[in-house]
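The structure under discussion appears below in the form of structure tokens.
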Amino acid sequence: MEKKNIDWANLGFGYIETDYRFVSDYKNGAWDDGAMIQDANVVISECAGVLQYAQTIFEGMKAYTTADGRIVTFRPDLNADRMEQSAKRLEMPVFPKERFVEAVLMTIKANEAYVPPYGSGATLYVRPYMFGSNAVIGVKPADEYQFRVFTTPVGPYFKGGVKPLTIRVSDFDRAAPCGTGHIKAGLNYAMSLHAIVDAHKQGYDENMYLDAGTRTKVEETGGANFLFVTKDGKVVTPKSDSILPSITRRSLMQVAREYLGLEAEEREVYLDELNDFAECGLCGTAAVISPVGKVVDHGKEICFPSGMAEMGPVTKKLYETLTGIQMGTIKAPEGWIVEVK
Ligand SMILES: *Cc1c(COP(=O)(O)O)cnc(C)c1O
């Protein structure tokens, strides 16, 4: 397969149209067979449920070229499970798990020419999503839906080396109206856009959201979960019902225990104990782990001793082990790596 003529090493994190996308329609209570199509445009009613009442959900995952030249994806079954939770919460039909995984693999395969080569630092980002497509004017769920999967090649997250992030404690509540914590839905992101634009204006990379009830506990940022490392090397991640259960975070916790022999604990994390941690990172599909150097709480700076200038040692080991598993240089736990070809 001839690869596209793309400058892989200089790709950013943006949308590049690829050749194929998977589409399946839900009508009269059933999903159709679906098909790979070439048209990247979606044509829907001006009154579609997604446009009027934001009935839309999505997932995000990646495909990689391994050191030995295979194309693989990482734990797609967990994305399927989470998308099922999202669909149920937004009164949308579930796209069956086996079909979800099959559609993802088919779409990656069809766009093989866009899967960045091993060692380039770039990957193929995969975006499954679903939206209410028929006209609804009364406030109710749509009757018709479209499930799609598209792909886009994305560049290495850390271009020109890792720069630890500075995060502010946000005064905004994270957009989780009606307790939408465990779903990946467009509305959560739409409601966090103002907070992120405002944070950037003030010179911060991200917002740290606190629990809405007491504003004393750390939740997550707009699009990534927190991981902390204690001074004696234990990995800690916040426990809360309103945090999006990151697949990267769950994988890193297992890597910490089973590959690095570290203790790893999910528990409530209080804002006033951040001073006690040695390292802090943000985890998600996009960057795996981004180191955090500093958290600013209304002028009060909390600096993480290892991690101000570069990734702290435990964060780095976690990062290297998980990316090694994804790129096929470290043996993966059973079921984590699914081969496209
Ligand atoms: C996608 C997402 C994450 C990261 O989840 P991964 O499954 O690791 O990509 C974390 N927080 C939010 C709010 C997200 O939408």
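Checking Ala278, Ala256 one by one, the residue that is under 23 Å from Leu165 (Cβ atoms), in a helix (DSSP H, G or I) and at pLDDT 95 or above is Ala256 and no other. Just one of the numbered conditions (1) open to solvent by 10 Å² or more (accessible area, probe 1.4 Å); (2) in contact with a Ser or Thr (Cβ under 7 Å, 6 or more places away or on another chain); (3) more than 21 Å from Gly181 (Cβ to Cβ); (4) within 16 Å of the ligand (Cβ to nearest atom) is not true of Lys294: (4). Among the residues of the range 116-138 satisfying the criterion of being over 27 Å from Glu320 (Cα atoms) and β-branched (Val, Ile, Thr), which is least open to solvent (accessible area, probe 1.4 Å)? Result: Val136. Tally time: how many residues in the range 44-70 are β-branched (Val, Ile, Thr), surrounded by 21 or more Cβ atoms within 10 Å (Cβ to Cβ) and more than 15 Å from the chain's Cα centre (by Cα)? Total satisfying the criteria: 3. Please work out if Lys300 is under 26 Å from Gly203 (Cβ atoms) and of a type in the set (Lys, Arg). In short, yes. Consider the range 86-100 and keep the residues that are open to solvent by less than 30 Å² (accessible area, probe 1.4 Å) and under 20 Å from the mean Cα position of the chain (by Cα). The one that is nearest to the ligand (Cβ to nearest atom) is Ser86.
Could you name every one of the strands (runs of 3 or more DSSP E) located completely within the range 41-85 that has at least 3 residues being within 16 Å of the ligand (Cβ to nearest atom) and either at pLDDT below 95 or touching a helix residue (DSSP H, G or I) at 6+ places or on another chain (Cβ under 9 Å) (or both)? If you could, list the steps in order and put the result at the bottom.
Working: elements: 56-58, 61-65, 71-74.
The qualifying strands (runs of 3 or more DSSP E) are 56-58, 61-65.
Considering only the range 139-250, give the strands (runs of 3 or more DSSP E) lying wholly within it that have at least 1 residues that are within 13 Å of the ligand (Cβ to nearest atom), closer than 26 Å to Ser306 by Cβ and open to solvent by less than 30 Å² (accessible area, probe 1.4 Å). Lay out the reasoning, then the answer.
On the way: elements: 145-154, 165-169, 206-208, 225-230, 235-238.
Passing ranges, in order: 206-208, 225-230, 235-238.
The values are calculated or read from the model by the stated rules, or taken from the named source; none is laboratory data. No experiment lies behind these values; they were computed from the predicted model shown. Cβ atoms come from the backbone with ideal geometry, glycine included; neighbour counts cover every protein chain shown. For accessibility, only protein heavy atoms count, side chains too; no ligands or nucleic acids. Shrake-Rupley method; radii C 1.70, N 1.55, O 1.52, S 1.80 Å.
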